[in-house]
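S.K.: Before we start, here is the structure in question, set down as structure tokens.
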Amino acid sequence: MILEREPAPVSTAVPTAPPALEQLIRSCLVKDPAERRQTMHDVLVDLRWIAQGGSTPGLATPPPPQPNARAGIWMAAAAILALATVTLAVLYWRRPLAEARVLRFSLPPPDKSAYGFGLAVSPDGTRVAFVAATANGQSALWVRALDSLSAQPIAGSEGASYPFWSPDNRFLGFFAEGKLKKVGTAGGPIQVLCDAPDPRGASWSQEGVILLAPATNLPLMRVPAAGGTPVAVTRIDAARKEVGHRWPHFLPDGRHYLCFTYCGNPAGNAIAAGSLDSEDLTILTVADSGPAYGPPDYVFYVKSNVLMAQPFDASRLRLAGDAVPFAQDVAAEGEAGPTAFARFSLSRNGVLAYVTGSGTTGQFTWFDRSGKPLGTITDPGSYGEPALAPNQRRVIFSWPSPLGNNLWVFDFSQGVKSRFSFGSTFDASAVWSPDGSRVAFASRRGGASDIYLKPATGAGTEDLLFSSKVDKIPDSWSADGRTLVFESLTPKNRLELWMLSLDGRQASPYLQTEFSTGQSALSPDGHWIAYTSDETGRLEVYVQSFPIPAGGRYPISPAGGDQPSWRRDGKELFYLAQDRKLMAVPVTTGASFASQAPRALFQCRVDRPLLSGARNYYVAAADGQKFLVYTLSDALTSSPMTAVINWSSGMGK
């Protein structure tokens, strides 16, 4: 720049600067190299003279010492070298800047595992955190440096999902066991920050605020990064038929953010922008997944299985151009369905990572009590929550599709599956009536998850059985056909057990505690109920009297577990242990209850962490001699992760 114009006087920045210092600086910057100070020794002599009082106004800087002849030759050579160096530097920096190249490379998952529910590139773009699941369904958190050939697991992160980074790259936040947690990437204990019974993502600002979606039908919440009680940040818009807000993503200023508004309807699901200073959101565009901001000016999201990039004005919180496709086959989980989670992430400095495909899939497979496979009944897919009809001839389950998450029925005698529910939103958690004539299920077609009733034939209308402002999931139908037990989400993000009288359609609480209780199953004689609670910090199975929780309760799972179910004769209770082993507990029911020690039957291969929102991944036959399990294939497969460096250089081409 000194070749083009004179620099401003030093006195403009430092008014007290001595005139002699000003003269010295200018003598070092004159355009003619012969007029400049020739050596740093000369400059040092002048600086010492100024420091000793030579900077008094009116005094001139003494002339530099005259070098001898040999020194003059060396100084001339140095001057020529310096001039050549400066000339080359000027030419280098004045050349047209070469555009940074876009680099793409693949990152396979750890050995004998597949990428699961979570992917996050560190803010500095040097590492990627992800969830990987093994063939037995156990998931955990891993971190891989992009310049490394291997990834490292995070100790104690079993069951993790949806990781996210702290702004300084030192911590990872994640969800496990119904809690929001954090852990230092350099090691240290895992800390619990708050409850999150059915989470849908989080983001961490440089101000020490974590914005999270702790459950499916709630507004976004904020909590200090040190932990505490979450406080609502957004307001659910009933006019738009919003169910909840999820997948928050802080913008660079740490006050504004992007998020996903879930309406349970593909036409209403959208990306929105908001601020910590207001409950209102600004709708930006219809989308199938949560968003991520890519500096300097793009927002990424998934639409129809395509990762889209759209220009975005972060200062005005509005889109600034048309969306363009960036990568194909990046699916949002369930597409318009249960979570709207998509596996992609961006750093602050031009690194993007994504995984193609819809993630792990499995099949419904029959196993005997030893774990021997007896055959599959469906093609591979993302099925969930099987429930056998009382006559054992059919099984009903949930299955996501582009039209929504619906219920399907498989007929064992005919070997075919057929659609049972036809909502365009989210239908799940089916329960058969004791006589097999009706099916109760949860649906979001009215906003919150309400309970509907339909004839088991699949014909006829779907009757709204019970509605309220919070999410509800039917669990168990009493043998006399008069009571339906369901889970209800509280404003404090905890689950309670309620009873619905089918005679008058009136609901009343069965069990309300300061902890989450759910996944209930009524005993065949109707006197006892098995359920889960997280009061010990992990899910445990308990049994208590029904319909009044009188007397004591009986712990069933000494090492943790969930998804309890009964044998038809009431002589055994089954559950899934934390290591995914199917456990059997001999029990005695009647006027009193007694149980023996649990015994492991076989290892199940299910693909999601406990407390993921789903009620069950297996169902026991009436005699307890075989089990239908949604299980992963023996050879676990997963698409590799694609990392893209300098992704913005390829935009617009």
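The values are calculated or read from the model by the stated rules, or taken from the named source; none is laboratory data. It should be emphasised that the depicted structure is a prediction, and the values quoted were computed from it without experimental measurement. For neighbour counting, all protein chains shown are included, and Cβ atoms are generated from backbone atoms with ideal geometry for every residue, glycine included. SASA here: full protein model, heavy atoms, side chains in, ligands and nucleic acids out. Shrake-Rupley method; radii C 1.70, N 1.55, O 1.52, S 1.80 Å.
S.K.: With only Lys, Arg, Asp and Glu charged, each at its Cβ (+1 for the first two, -1 for the last two), find how big the charge dipole of the range 466-511 is about the Cα centre; round to the nearest 20 debye.
M.R.: 200
S.K.: Along the principal axes of its C-alpha atoms, what lengths does the range 376-470 span, in descending order and rounded to whole Å?
M.R.: Between the extreme Cα coordinates on each principal axis of the range 376-470 lie 39, 32, 20 Å.
S.K.: Please label the shape of the range 255-309 as rounded, prolate or oblate, based on the square roots a ≥ b ≥ c of the eigenvalues of the alpha-carbon gyration tensor (a/c under 1.5 means rounded; beyond that, a/b larger than b/c means prolate, else oblate).
M.R.: Note, shape of the range 255-309 comes out oblate.
S.K.: Show me the ranking of peptides 230-242, 155-167 by mean Cβ neighbours inside 10 Å, starting with the highest.
M.R.: In descending order of packing, they fall as 155-167, 230-242.
S.K.: For Ala196, enumerate residues with amide H under 5 Å from its amide H, sequence gap 5+ or separate chain, H modeled in the peptide plane.
M.R.: Close amide H contacts, sequence-distant or interchain: Lys179, Leu180.
S.K.: So what is the calculated 222 nm ellipticity per residue for the chain, using -39500 (n - 2.57) for each DSSP H run with n of 4 or more, over all residues, to the nearest 500 deg cm²/dmol?
M.R.: Using -39500 (n - 2.57) per qualifying helix, the result is -2500 deg cm²/dmol.
S.K.: Also: Going by a ≥ b ≥ c, the root eigenvalues of the Cα gyration tensor, does the range 238-331 fall in the rounded group (a/c under 1.5), the prolate group (a/b larger than b/c) or the oblate group?
M.R.: Verdict is oblate for the range 238-331.
S.K.: Order 622-631, 550-559, 387-396 from most to least packed using the mean count of other Cβ atoms within 10 Å.
M.R.: 622-631, 387-396, 550-559
S.K.: Gly446: net charge of surrounding residues, Cβ under 13 Å, Lys/Arg +1, Asp/Glu -1, itself excluded?
M.R.: Net charge around Gly446: -1.
S.K.: To continue, here is another question. Can you grab the distance from the C-alpha centre of the range 448-486 to the C-alpha centre of the range 240-303, Å, no decimals?
M.R.: 32
S.K.: Then there is this: So what's the angle, to the nearest 10 degrees on a 0 to 90 scale, between helix 69-94 and the longest Cα principal axis of the chain?
M.R.: Approximately 40 degrees, to the nearest ten.
S.K.: Moving on. Run the quick spin-label model on Ser437 and Ala621: label points 7 Å from Cα toward the beta carbon, then report their separation in nm to one decimal.
M.R.: 2.8
S.K.: How high is the relative contact order of the chain? Use alpha-carbon pairs under 8 Å, at least six apart in sequence, and give a whole percent.
M.R.: Result for the chain is 11 percent.
S.K.: Continuing with this model, one more query. So if I take the centroid of the Cα atoms in the range 187-222 and the same for the range 490-540, what is the distance between those two points in Å?
M.R.: A separation of 25 Å, based on Cα centres.
S.K.: I would also like to ask the following. In whole Hz, with x marking every Gly and Pro, tabulate ³J(HN,Hα) for the range 482-492 from phi via Karplus 6.51 cos²θ - 1.76 cosθ + 1.60, θ = phi - 60°.
M.R.: Going residue by residue, I get 9, 9, 10, 9, 9, 8, 10, 7, 8, x, 9 Hz, with x marking Gly and Pro.
S.K.: Let me ask you something else. When the dipole is taken about the Cα centre of the range 185-289, and only Lys, Arg (+1) and Asp, Glu (-1) are charged at their Cβ, what size is it in debye, to the nearest 20?
M.R.: Using only the charged Cβ atoms, the result is roughly 120 debye.
S.K.: While we're here: Ser278: net charge of surrounding residues, Cβ under 11 Å, Lys/Arg +1, Asp/Glu -1, itself excluded?
M.R.: Neighbourhood net charge equals -1.
S.K.: Which Cα, out of Val416, Thr229, Pro455, lies furthest along the positive dipole direction of the chain (beta carbon charges, K/R +1, D/E -1)?
M.R.: Sorting the options by dipole projection puts first Val416.
S.K.: Among the chymotrypsin sites (Phe, Trp or Tyr not before Pro) in the range 445-513, which ones are in a DSSP loop with at most 15 other Cβ atoms within 10 Å of the Cβ? Mind listing them?
M.R.: Answer by residue number: there is no such site.
S.K.: Starting from the Cα gyration tensor of the chain, take the square roots of the eigenvalues, sort them a ≥ b ≥ c, and report rounded, prolate or oblate (rounded when a/c is under 1.5, otherwise prolate if a/b is larger than b/c, else oblate).
M.R.: Since a/c reaches 1.5 and a/b is larger than b/c, the shape of the chain is classed as prolate.
S.K.: Right, next: Using 0.36 nm per residue of separation minus the Cα-Cα distance, give me the extension gain between Val10 and Asp124 in nm, one decimal.
M.R.: That pair, Val10 and Asp124, stretches by 37.4 nm at full extension.
S.K.: While we're looking at this one, here's another question. Tell me, what is the percent relative contact order of the range 430-522, built from C-alpha pairs under 8 Å that lie six or more residues apart?
M.R.: Rounded, it is 19 percent for the range 430-522.
S.K.: About its Cα centre, how strong a charge dipole does the chain have in debye, to the nearest 20, once Lys and Arg get +1 and Asp and Glu get -1 at the Cβ?
M.R.: Dipole about the Cα centre, nearest 20: 760 debye.
S.K.: Another question, then. Assuming 0.36 nm per residue, please report the length gained on full extension of the stretch Val102 to Lys469 beyond their Cα-Cα distance.
M.R.: 127.3 nm
S.K.: Give the residue from Gly381, Trp528, Phe175 lying farthest towards the positive end of the charge dipole for the chain; charges sit on Cβ (+1 for Lys and Arg, -1 for Asp and Glu) and the dipole is referred to the Cα centre.
M.R.: Of the candidates, Gly381 comes out farthest on the positive side.
S.K.: Per residue, how much accessible area does the chain show when a 1.4 Å probe rolls over the protein heavy atoms, in square angstrom?
M.R.: Ligands and nucleic acids excluded, the result is 44 Å² per residue.
S.K.: Does a label point 7 Å from the Cα of Leu319, set along Cα-to-beta-carbon, have any residues of the range 281-296 with amide nitrogen under 18 Å, and which are they?
M.R.: 281-295
S.K.: Averaging sequence separations of C-alpha pairs under 8 Å and six or more residues apart, then dividing by the length of the range 548-593, give the relative contact order as a whole percent.
M.R.: 27
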